[in-house]
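Working notes for the structure below.
The values are calculated or read from the model by the stated rules, or taken from the named source; none is laboratory data. Quick caveat: nothing in here was measured; it's all calculated off a predicted structure. So basically every Cβ, Gly included, is an ideal-geometry build from the backbone, and we count neighbours across all protein chains shown.
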Amino acid sequence: MFNRSFHNLCIESMILGVTLLASTSAYAEDRNLVAVTQINIPTALAQPTAGIAKRVLNPNQTSRFGDNFSETTIAQTPEIPAINSDTSVPQTNSISQVTSVSQFSDVQPTDWALLALQSLVERYGCIAGYPNSIYRGNRAITRYEFAAGLNACLSRINELIATATSDLVTKEDLTSLQRLQEEFASELATLRGRVDSLEARTAELEANQFSTTTKLSAEAIFVITNAFGGSVNGDNTVFQDRVRLVFQTSFTGKDNLYTRLSTGNTTILQLPGGSAEGLQTFNLAPGNNNLSLDWLSYYFPVGNKIDAYIAAVNGVLYDFVPTLSPYLESASGGGRALTEFASSSPIYRIGGGAGGGFNYRFSDQLVLSLGYLAGDHANPQPDRGFFNGQYSAFGQIAWNPNKNSGIGLTYVNAYQNRGAIFDLGSGFPLVGTAQANTPFERRITNSYGVEAFYKFSPRFAVNGFFGYTNAKNLAGSGSADIWYYALGLAFPDLGKQGNLGGVLVGAEPYRGGNPAPANDFSLHIEGFYKYQLTDNIAITPGVIWITAPAQNNDNEDAVIGTVRTTFTF
């Protein structure tokens, strides 16, 4: 009779525990449901941190359209992250019975639940742990883990009943079990209702989900900026905006198709002589708040060592190539440096359009990148097209001996019959003086660069680059020598986690020799501080100072002040 009463109470108490833990799992599932909703309906972002989407083939820098997400080995294959995945702990599903709480290396004598664990382990033998001697008491369990633990307890109860071990089970135990049953009766009824409600919500979300394969993310930028000197189109303070919507689609779980829509009303502060010095990343946007498809690219792995990239609309080299500027690289997003020049070497901005490339990983430390992009790829007219028009052919070898340092050697061969040299294939100059960008109307260029970074500590890193471009005149004789270099200092987590301070000093692309109208030295000095207000909002004030714009000391120095607010969701 005693054993039967004990058995019934134990089973009922186990049901109580199952219901309580199931409700906890239901709440966890409710949180997961929110995460799924954020991925599958166009109102939120799967990554709640400061950025829009991962630059999938170049994790040592930020995404092309947002801030950084992770720092892993270079040229890693893109993958869709598992919902609510816990990458901070070893992933294993194996569990094993333990006989003493001292076997758990991560259970301390000061833990608040020590006595309860000790009783379950040493008195009843009713706790299963991991074979690597850890209990992981501070994280949620999976349903599989809970099932294994429940099975161990039920097995132990049956064993106690079969052997009539009265010295382990006392009348006080029975009294406690009865009291707990009565005490939690109302809570159990409430939890059953909540589980039913969650099931209804789950069904509704599944019926109305945006897509099972596509995530929607977005970046909105508000900017207040002014050129306090040196601008030729006015010095009034302006309030401008830019918005980007990015659809990230995976068909296999390892590939990614990016479709980006953009709009904005940014107006560039023009410097003398058509110089592109000081151009900011948010300036890359359609005008008059017109909506356009401004990026369409596809990433996919080929085997275990090759990460491939295909661009159909506005592909650029830094979409997939490591730029060796992991802290200042902002690409064209609003997450880090203010200007295109401060983000990374201008060599990555030579040409663009449609085409593709790949990263070949010799090892986790050594990566070879090759690519080809055509600017006039959709035009069938003479001296146009995918192979007969503008193009840039790219090669780079990047070496990361460890996660704190890296160096790259880069070469770009390009043919251009219109526009600027440093133009991402659009014809519009992004960095450098007019003398450097348009030395000749038709030209072929050979560019050489070296890029490097070194992280001295978690709060201080240095990066720099040096580049040289030789442009040959195809419409006549002569050539032009173009130089560019910079040194940048980065201060991650300055003030609090997520913040970033940055300083960069260098020379934007300038033409050497004796170009008209002048050949004075122009210097780019930039400082900014990104304050991460929340996970999704960052405010970045900064100053850009350009000396001798357009390589002419007679021109007034340009001083540009900016306050940029970036929203990511």
Please go through segment 403-437 and pick out each residue that is more than 24 Å from ALA550 (Cβ to Cβ) and in a strand (DSSP E or B). SER405, GLY406, ILE407, GLY408, LEU409, THR410, TYR411, VAL412, ASN413, TYR415
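Identify, please: which residue in segment 195-216 is in a helix (DSSP H, G or I) and among the hydrophobic types (A, V, I, L, M, F, W, C) and is, among those, surrounded by the fewest Cβ atoms within 10 Å (Cβ to Cβ)?
At the first step, the residues of segment 195-216 found to be in a helix (DSSP H, G or I) are 195-207.
So of that shortlist, the ones also among the hydrophobic types (A, V, I, L, M, F, W, C) come out as 195, 198, 200, 203, 205, 207.
Details: VAL195: 18, LEU198: 16, ALA200: 10, ALA203: 10, LEU205: 15, ALA207: 7.
Residue satisfying both the conditions and the ranking: ALA207.
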Mind listing whichever residues of segment 477-536 are farther than 20 Å from VAL462 by Cα, aliphatic (A, V, I, L, M) and not in a strand (DSSP E or B)? ALA516, ALA518, LEU533
Does SER166 satisfy the condition of being of a type in the set (Gly, Ala, Ser) and modelled with pLDDT of 75 or more? no
For ASP235, state whether it is outside any strand (DSSP E or B) and either within 29 Å of ALA550 (Cβ to Cβ) or under 22 Å from the mean Cα position of the chain (by Cα) (or both). yes
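If you take the residues in segment 254-282 that are polar (S, T, N, Q) and at pLDDT 90 or above, which one is farthest from HIS524 (Cα to Cα)? Break it down into steps so the answer makes sense when it comes.
Going residue by residue through segment 254-282, those that are polar (S, T, N, Q) are 256, 259, 262-263, 265-267, 270, 275, 280-281.
With the extra rule that they be at pLDDT 90 or above, the set shrinks to 256, 259, 262-263, 265, 280-281.
Numbers: ASN256: 36, THR259: 34, SER262: 29, THR263: 28, ASN265: 25, GLN280: 13, THR281: 15 Å.
Top of the filtered list is ASN256.
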Has segment 337-346 got at least one residue that is more than 19 Å from the chain's Cα centre (by Cα), assigned by TED's automatic domain parsing to the domain that holds GLY506 and over 19 Å from GLY449 (Cβ atoms)? no
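Would you tally the residues in segment 365-390 being out of contact with any strand residue (DSSP E or B) (no Cβ under 8 Å at 6 or more places or on another chain) and touching a residue at least 40 places away in the same chain (Cβ under 8 Å)?
Within segment 365-390, the subset out of contact with any strand residue (DSSP E or B) (no Cβ under 8 Å at 6 or more places or on another chain) is 379-384, 388.
Checking the rest, the ones that are also touching a residue at least 40 places away in the same chain (Cβ under 8 Å) come to none.
The total comes to 0.
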Exception for GLU219 within (1) under 27 Å from ASP520 (Cβ atoms); (2) assigned to a strand (DSSP E or B) falls at (1)
The condition from (1) more than 28 Å from ASN552 (Cβ to Cβ); (2) surrounded by fewer than 16 Cβ atoms within 10 Å (Cβ to Cβ); (3) in contact (Cβ under 8 Å) with a residue 40 or more places away in the chain that PRO492 misses is numbered (2)
Just one of (1) assigned by TED's automatic domain parsing to the domain that holds ALA285; (2) farther than 20 Å from PHE320 by Cα; (3) touching a residue at least 12 places away in the same chain (Cβ under 8 Å) trips up PHE251, so point out which. (2)
Any idea which residue in segment 523-569 is surrounded by the most Cβ atoms within 10 Å (Cβ to Cβ), counting only those that are out of contact with any strand residue (DSSP E or B) (no Cβ under 6 Å at 6 or more places or on another chain), touching a residue at least 60 places away in the same chain (Cβ under 8 Å) and more than 30 Å from SER217 (Cβ to Cβ)? ALA550
Which members of segment 99-126 meet the condition of being surrounded by fewer than 16 Cβ atoms within 10 Å (Cβ to Cβ), closer than 20 Å to ALA147 by Cα and of a type outside the set (Gly, Ala, Ser)? THR99
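Yes or no: ARG564 in the same structural domain as ASN236 (by TED's automatic domain parsing), within 25 Å of VAL462 (Cβ to Cβ) and of a type in the set (Lys, Arg)? Give the derivation first.
Working: in the same structural domain as ASN236 (by TED's automatic domain parsing): yes; within 25 Å of VAL462 (Cβ to Cβ): yes; of a type in the set (Lys, Arg): yes.
Considered against the rule, which asks whether it is in the same structural domain as ASN236 (by TED's automatic domain parsing), within 25 Å of VAL462 (Cβ to Cβ) and of a type in the set (Lys, Arg), ARG564 comes out as yes.
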How many residues does segment 259-281 hold that are surrounded by fewer than 22 Cβ atoms within 10 Å (Cβ to Cβ) and within 17 Å of the chain's Cα centre (by Cα)? 1
Any chance you could count how many residues in segment 444-476 are surrounded by fewer than 22 Cβ atoms within 10 Å (Cβ to Cβ), in a strand (DSSP E or B) and of a type in the set (D, E, K, R)? 2
From the set of residues in segment 238-258 that are under 26 Å from LYS530 (Cβ atoms) and of a type in the set (A, V, I, L, M), which is nearest to the chain's Cα centre (by Cα)? VAL246
Being touching a Pro at 6+ places or on another chain (Cβ under 6 Å) and either among the basic types (Lys, Arg) or in the same structural domain as THR433 (by TED's automatic domain parsing) (or both) narrows ASN256, ASN233 down to just ASN256
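In the list THR438, THR433, which residue meets the criterion of being among the hydroxyl-bearing types (Ser, Thr, Tyr), in the same structural domain as ALA461 (by TED's automatic domain parsing) and surrounded by fewer than 24 Cβ atoms within 10 Å (Cβ to Cβ)?
Numbers: THR433 fails: surrounded by fewer than 24 Cβ atoms within 10 Å (Cβ to Cβ).
Exactly one residue qualifies, and that residue is THR438.
Here's the yes/no breakdown for (1) modelled with pLDDT of 95 or more; (2) crowded, with 16+ Cβ neighbours inside 10 Å; (3) closer than 23 Å to TYR448 by Cα; (4) in the same structural domain as PHE453 (by TED's automatic domain parsing):
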residue: SER369; (1), (2), (3), (4): yes, yes, yes, yes
residue: TYR372; (1), (2), (3), (4): yes, yes, yes, yes
residue: ALA378; (1), (2), (3), (4): no, no, no, yes
residue: ASP383; (1), (2), (3), (4): no, no, no, yes
residue: ALA393; (1), (2), (3), (4): yes, yes, yes, yes
residue: ILE407; (1), (2), (3), (4): yes, no, yes, yes
residue: THR410; (1), (2), (3), (4): yes, yes, yes, yes
Among the residues of segment 398-415, which ones are among the small types (Gly, Ala, Ser) and touching a Phe, Trp or Tyr at 6+ places or on another chain (Cβ under 8 Å)? SER405, GLY406, GLY408, ALA414
Subset of segment 334-361 (residues that are farther than 26 Å from PHE456 by Cα, outside any strand (DSSP E or B) and not charged (D, E, K, R)): GLY351, GLY352
